[in-house]
1. Only one of A380, A353 is in contact with a Phe, Trp or Tyr (Cβ under 8 Å, 6 or more places away or on another chain) and at pLDDT 95 or above; which?
2. Checking T133 against (1) surrounded by 22 or more Cβ atoms within 10 Å (Cβ to Cβ); (2) over 28 Å from A243 (Cα atoms): exactly one of these is not met. Which one?
3. Can you tell me which residue in region 189-237 is farthest from the ligand (Cβ to nearest atom), limited to those that are of a type in the set (S, T, Y) and at pLDDT 95 or above?
4. Return the only residue of R407, R348 being at pLDDT below 95 and surrounded by fewer than 19 Cβ atoms within 10 Å (Cβ to Cβ).
5. Exactly one of these conditions fails for H291: (1) without any contact (Cβ under 8 Å) to a residue 40 or more places away in the chain; (2) within 26 Å of P332 (Cα to Cα). Give me its number.
6. Identify the single condition in (1) among the polar types (S, T, N, Q); (2) touching a helix residue (DSSP H, G or I) at 6+ places or on another chain (Cβ under 8 Å); (3) modelled with pLDDT of 95 or more that T122 does not satisfy, given that it satisfies every other one.
7. So which pairs qualify, if the first residue must be in region 138-159 and surrounded by 14 or more Cβ atoms within 10 Å (Cβ to Cβ), the second must be among the basic types (K, R) and part of a helix (DSSP H, G or I), the Cβ gap must be under 9 Å, and the two must be at least 6 apart or on different chains?
8. Residues of region 145-161 being under 25 Å from the mean Cα position of the chain (by Cα) and more than 16 Å from the ligand (Cβ to nearest atom), which ones?
Amino acid sequence: MLIGRIEDARFGDGAELATLDLELGRVATARPPGSVNGAVLNARGRVVLPALVDAHVHLDKAFLLDGGDPGEASLGAAIRAVASARESLGPATVLANARRALELLVKNGVTAARAHVEIDPTVGLDLVHLHRTLQAEFEDRIELELVAFPQRGFDLPRMVELVNEALRSGLPVMGGAPYVDADPRRHLDLVFELAARYATPIDLHLDFTDDPGRSLLAALAERVKAHGMQGHVCIGHVTTLAAMPADAQARALDMLAAAGIALVVLPATDLYLGGHGEPGTRRLAPLERAHARGVHVALANNNLANPFAPFGNGNLLQAAWVAGVTRRASSPAERELLLAAVTVNPARLLGLAAHGPTPGAHAHLTIVDATQRGDVISLAPPVLATLRAGRLVHTIGHAAPHVSEQRAEP
Ligand SMILES: [Zn+2]
C-alpha cells in the first residue's frame, strides 16, 4: 500500500510529533501540491527510523538447524556441518529457507541487504541462480546486493573459474574467507585479482579467530593500497581486534582507517563461535573504538539459526542491543553509533542513496514501538511497520500504526 503521509511521527530529536509527506517514494520537504497520492499512516507517536540495512547476511544456509543441535561451537565444525547439510538438502528446501529469512528481515524492518552467495564445486553456480530468483521475487520489499563468496576457499578444484564466471555474469561484489585456505595470502591475492578484473568492491570474512598472531590485517592493508582500493573494501568478524592488547589494537584500527577499510561486526556469530578460551571470554570487535579512530563501521546479522549462529534471528536491533551490552555502550553517543551501524552506515557501505525521515531522502522507513530515539538500542523494540519507497511492506497486529484508506487532504 502506497503511503502518502505519516502523521504523529517522531524522528530527529523526537521532541515533538511531526508529519512526513511522501511523494514519488521519497520524503518531501513540504506538503506536495494537490492531493497526496496514497493513504495516511498514523505512527501514534512512535519513532520513525531510516529503514534498517543488513550489510552481511547468508540466505543460502539459513535455518539449517531447524531446532536441532548445532554441534561443536567452532568455525571449522560449522563450515563442515553446513557443507555436509548442503549435500543432503534439496534446492527446494534451501530456497524455502532463504525465502523465510528474507520475510523475517522485512518484518524486522530491513529494506536492503548484502547477501553472500556460496560458490563451490558441489553447488557450482546454483545458489547464484537461486538468489537471482529471490531478488526478483522480493524486489518491491527488499533490495538485495549479491556477493560472490568462495566459502570453502580456492584450494578446491575449479574455484577460480567458478567465481570468475559468477562475477562475469554480473555479481557486483567479490567476497572471500582467506582463513579457509592453506595459504590465506594467496586467497587474498586471488580475491584482489578477480575484483580488479571486474572492478568490484571487496567484502571479506577476515581474522575470525581469537589469536592476533594470525591476523591478516597488515597483509590486507598492503594489498588495498597497492590496488588503490581505499574505500572499496570491508571486512566482517575481525575478532582478533578484541583479543589484541590496547596499543596493538589502536595501531590496527589506525591502519584500517588509513587504508579506508570498513568494519562489519557480526555479534550473533562472533560471540557464539569466538572467545572459547578458559577462563571464558567474549570476543567482539570494538566498533566504538574503531569509529573513534576513523573506521567506517556497521553491524549485521550474518547467519540465522545455523551452526554458525544458533541464536541468529534476523533482528538487527537485537544484534545492536547485544553489541551494546557486550561493548558497554552506556553513553547516548555510543547508542547512537549502534543505531547508525544498522541503518545509515550499512547503506553507505552498500553505496545506496540517502534514505530516512529526511526531506529529499528515499522513503525507506522503519517504525518501532518506542517513543524516544534514545530507547531504540537499549529496548530493541518490536518493528511495527516497514516502508520501502513510501510503500507499506510490513505491519503487525494491534500495536501497528493506523493506516487510513482515505486519501489525505492537500
Ligand atoms: Zn558471513
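The values are calculated or read from the model by the stated rules, or taken from the named source; none is laboratory data. Bear in mind the structure is a predicted one, so any value in this text is a computation, not a measurement. Here Cβ is always computed from backbone atoms with ideal geometry, including for glycine, and neighbour counts include all displayed protein chains.
1. On the way: A353 fails: in contact with a Phe, Trp or Tyr (Cβ under 8 Å, 6 or more places away or on another chain).
A380 is the lone residue from the list that is in contact with a Phe, Trp or Tyr (Cβ under 8 Å, 6 or more places away or on another chain) and at pLDDT 95 or above.
2. Only one criterion is unmet by T133, namely (1).
3. Going residue by residue through region 189-237, those that are of a type in the set (S, T, Y) are 198, 200, 209, 215.
The next check asks that each one be at pLDDT 95 or above; those that pass are 198, 200, 215.
Working: Y198: 21, T200: 17, S215: 18 Å.
Here the answer is Y198.
4. Working: R348 fails: at pLDDT below 95.
Of R407, R348, the one residue that is at pLDDT below 95 and surrounded by fewer than 19 Cβ atoms within 10 Å (Cβ to Cβ) is R407.
5. It fails just one condition, (1).
6. T122 satisfies all of (1) among the polar types (S, T, N, Q); (2) touching a helix residue (DSSP H, G or I) at 6+ places or on another chain (Cβ under 8 Å); (3) modelled with pLDDT of 95 or more except (3).
7. Taking only residues 6 or more apart or on different chains, the pairs are F138/R99; L146/R132; F154/R186.
8. In the first step, residues of region 145-161 are kept if they are under 25 Å from the mean Cα position of the chain (by Cα); the result is 145-154.
Within region 145-161, just F154 meets the criteria.
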